[in-house]
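Reading through the structure tokens given below for one structure.
Where a number appears in this text, it was derived from the coordinates with a stated rule and is not lab data. Every value quoted in this text rests on a predicted model; they were computed, and no experiment measured them. A quick note on method: Cβ atoms are made from the backbone with ideal geometry, for glycine too, and the neighbour counts reach across all protein chains shown.
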Amino acid sequence: MNGIIARITLRQLLSRRRTLLLLLLGGVLVLAAGIFRLAGEEARALPFTAGLLSNLGVGTLMPLVALIFGTGALGAEIEDGTAIFLLAKPISRVTVVLTKLAVAALCSAALTCGPMLLAGLIAAGGLGEGLVVGMTAGAAIGSVLYCAVFVAVSLVTGRALVFGLAYVLIWEGLLAGLFAGTRTFSIRQLTLAFADGIGGIPADIFDAPLSLTTALVVAIALLVVATLIAIRRLSAYEISGEPA
């Protein structure tokens, strides 16, 4: 980790107007929970909270936040040419990638987990038998995985946002719902498996399709491969701004 790069990256990511939009999206999650609580349907509290956190939280808020921060952490600097000022400094590019990834993941987790935790507490009226804690912890892990993948993609292509959206909407939103075999490579499904395993959620409230063991193995492999790709791509970059 490099403190100077971390501070610069943090300022870049959080000073942008779209960060405000992401906060508003998180606010929608909390608002939905508040409306449900005001409706007074206590008997449906846990099933509703499970659906709210898994679909709107893990399925929508988490990938969008990570996509913005993951692709913006380093890819935006390379695209607009300002990365040459960073790469010209005597700082290991491994350190650059790991620092950028850590800041992006931290920002993503904060803007995802905060609203999810608050919405879950409101909708469930408490911790919901491990549901709220599990979903929030799973979302933190999922944010790290998404950011690792999106940082790597931003160093491979200038159209990282397009490819990221295609992965989230087509692979995770469509194919993972139709073909069970594709769920193993869905970060959304890995996140739900972590949520289920960490929270110990009763099966009648929420039951993830993947096992915790499968999720752990795939997540570690995904994190390592994505990070290595990002390091390799940035290491091959020349000061001229083009890959060697």
Calculated log₁₀ intensity ratio I(q)/I(0) where the Debye formula runs over C-alpha points of region 148-244, q = 0.16, 0.22 Å⁻¹: -0.76, -1.12
Listed by chain and number, the residues whose amide H is under 5 Å from that of Tyr237, excluding neighbours fewer than 5 places away on the same chain and using placed H, are Ala244
Using all C-alpha to C-alpha distances in the chain, build P(r) with 5 Å bins and read off the rounded percent in each one. 1, 7, 14, 18, 18, 15, 12, 8, 5, 2, 1, 0, 0
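Just to confirm the filter: which GluC sites (Glu not before Pro) across region 29-135 are DSSP coil and have at most 15 other Cβ within 10 angstrom of their Cβ?
The qualifying sites are Glu41.
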³J(HN,Hα), Karplus 6.51/-1.76/1.60, whole Hz, each residue of region 107-121, x for Gly, Pro: 5, 5, 5, 5, 7, 9, 6, x, x, 5, 4, 5, 4, x, 5
Using the Kirkwood radius over Cα pairs, work out the Stokes-Einstein diffusion coefficient for region 55-199 at 20 °C and 1.002 mPa s, in µm²/s as a whole number. 135
If you line up the long axis of helix 17-39 against the longest principal axis of the chain, both from Cα atoms, how many degrees apart are they, to the nearest 10? 10
Using only Cα atoms, find the angle between the long axis of helix 212-235 and the longest principal axis of the chain, and express it within 0 to 90 degrees, rounded to the nearest 10. 20
Under 11 Å from a point placed 7 Å out from the Cα of Ile91 along the Cα-to-Cβ direction: which residues of region 1-41 have their backbone N that close? 1-10
For region 144-158, in order, what is each residue's ³J(HN,Hα) by Karplus, 6.51 cos²θ - 1.76 cosθ + 1.60 with θ = phi - 60°, in whole Hz (x at glycine and Pro)? 5, 5, 4, 4, 4, 5, 6, 5, 4, 5, 5, 8, 9, 9, x
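At 4 °C and 1.567 mPa s, what whole-number value in µm²/s does Stokes-Einstein give for the translational diffusion of region 9-83, with Rh from the Kirkwood sum over Cα pairs? Please list the in-between numbers first.
On the way: Rh = 14.2 Å.
Rounded, D is 91 µm²/s.
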Summing -39500 (n - 2.57) over the DSSP H runs of n ≥ 4 in the chain and dividing by its residue number, what mean residue ellipticity at 222 nm do you reach, to the nearest 500 deg cm²/dmol? -22500 deg cm²/dmol
